[in-house]
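Q: This is the structure I want to talk about, given as structure tokens.
The values are calculated or read from the model by the stated rules, or taken from the named source; none is laboratory data. Note that the structure is a prediction, hence the values are computed from the model and not measured. Counting neighbours? That spans all protein chains shown, and the Cβs are built from the backbone with ideal geometry, glycine included. Areas reflect the complete protein model, heavy atoms only, side chains present, ligands, DNA and RNA absent. Shrake-Rupley method; radii C 1.70, N 1.55, O 1.52, S 1.80 Å.
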Amino acid sequence: MYVTDLQHFLDMPPDAPGPARRLAEHLRGIVRAATAGDAQVAWESALPCRRRPANRRCPGRLIVQRGEPGSPIAWRCSTCGDDGVISNWEESPFDLRRRRPALVGAVHQLVLSYQTASALRELLFPDTELERLVFGIRAHSGDAILAVTDEQLDELTDAVAAEANHESNRRRRQRLDAAYDALNAVTGPADRR
Ligand SMILES: [Zn+2]
């Protein structure tokens, strides 16, 4: 079991070695997912496992659970059983807990690919609500399930389009364009009204 303190991963210098930066990004993702979802229940996020047993990527997704403030976030892989806990996550920039009650609206469950979920996690989020939506994406039978209202979906689609338009890195732009197409494909105007 990996026991980590998030505080050690908050101020990673830009020139930190790649493996250290990737580990920090991984742990921050777990905290974002665990704080995006409900407290007390363990749920399977779309975050991939980092392990590569026998040099092949583990296909598992990370199951996350957040208990009371003051207790660590727990995570484990759905497939290989790799697991850990992360302490000192409260009030960090990756703590996405709601400060206000959620607005109630009709919520759709959109089925996306893990690739799209991964591209969405790279967004520079204009606000915490969208970040919470994306890190709250659940894994289910090989798909990524995004729970959104019409309004949230419009905001998310706009955010992806805006970022794709300003992206100079060709490969990242392609990932964002693909995510934009995927969001539109599941939610063409005809389906939504
Ligand atoms: Zn695994």
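Q: Does a label point 7 Å from the Cα of GLN40, set along Cα-to-beta-carbon, have any residues of the stretch 62-96 with amide nitrogen under 15 Å, and which are they?
A: 65-69, by backbone N distance to the label point.
Q: Something else about it: Using a 1.4 Å probe on the protein heavy atoms, what percent of the accessible area of the stretch 87-178 belongs to carbon and sulfur?
A: C and S atoms contribute 49 percent here.
Q: Using only the alpha-carbon atoms, how far is helix 150-166 inclined from the longest principal axis of the chain? Give it as 0 to 90 degrees, nearest 10.
A: For helix 150-166, the angle is close to 80 degrees.
Q: Taking the simple approach of a point 7 Å from Cα along Cα-to-Cβ for both ASP5 and ASN55, what is their distance in nm?
A: 3.8 nm
Q: Using 10 Å bins from zero, what percent of all Cα-Cα pairs in the chain falls into each bin?
A: 9, 34, 38, 17, 2
Q: Still on this model: On alpha carbon coordinates alone, what is the Rg over Rh value for the stretch 50-163, Rh being the Kirkwood radius?
A: Result for the stretch 50-163 is an Rg/Rh of 0.98.
Q: Please report, in debye to the nearest 20, how large the charge dipole of the stretch 82-163 is about its Cα centre when each Lys and Arg carries +1 at its beta carbon and each Asp and Glu carries -1 there.
A: Rounded to the nearest 20 debye, it is 260 debye.
Q: To the nearest 20 Debye, how big is the dipole of the chain about its Cα centre, given +1 on the beta carbon of each Lys and Arg and -1 on that of each Asp and Glu?
A: Here the size comes out at about 760 debye.
Q: Same structure again: Which FRET efficiency value, to the nearest 0.05, is calculated for CYS80 and THR157 with the Förster distance at 35 angstrom and r the Cβ-Cβ distance?
A: In this case the efficiency is close to 0.50.
Q: Can I ask one more? Using only the alpha-carbon atoms, how far is helix 170-186 inclined from the longest principal axis of the chain? Give it as 0 to 90 degrees, nearest 10.
A: Roughly 60 degrees between the two axes.
Q: Here's a follow-up. With an 8 Å Cα cut-off and a minimum separation of 6 or more residues, compute the relative contact order for the chain in percent.
A: The normalised contact order for the chain reaches 20 percent.
Q: Report the percentage of all Cα-Cα pairs in the stretch 109-181 whose separation exceeds 19 Å, rounded to a whole percent.
A: Cα-Cα pairs in the stretch 109-181 separated by more than 19 Å: 27 percent.
Q: Compute, for the stretch 39-134, the length of the dipole vector about the Cα centre, with Cβ point charges of +1 (Lys, Arg) and -1 (Asp, Glu) only. Units Debye, rounded to 20.
A: Value, rounded to 20: 380 debye.
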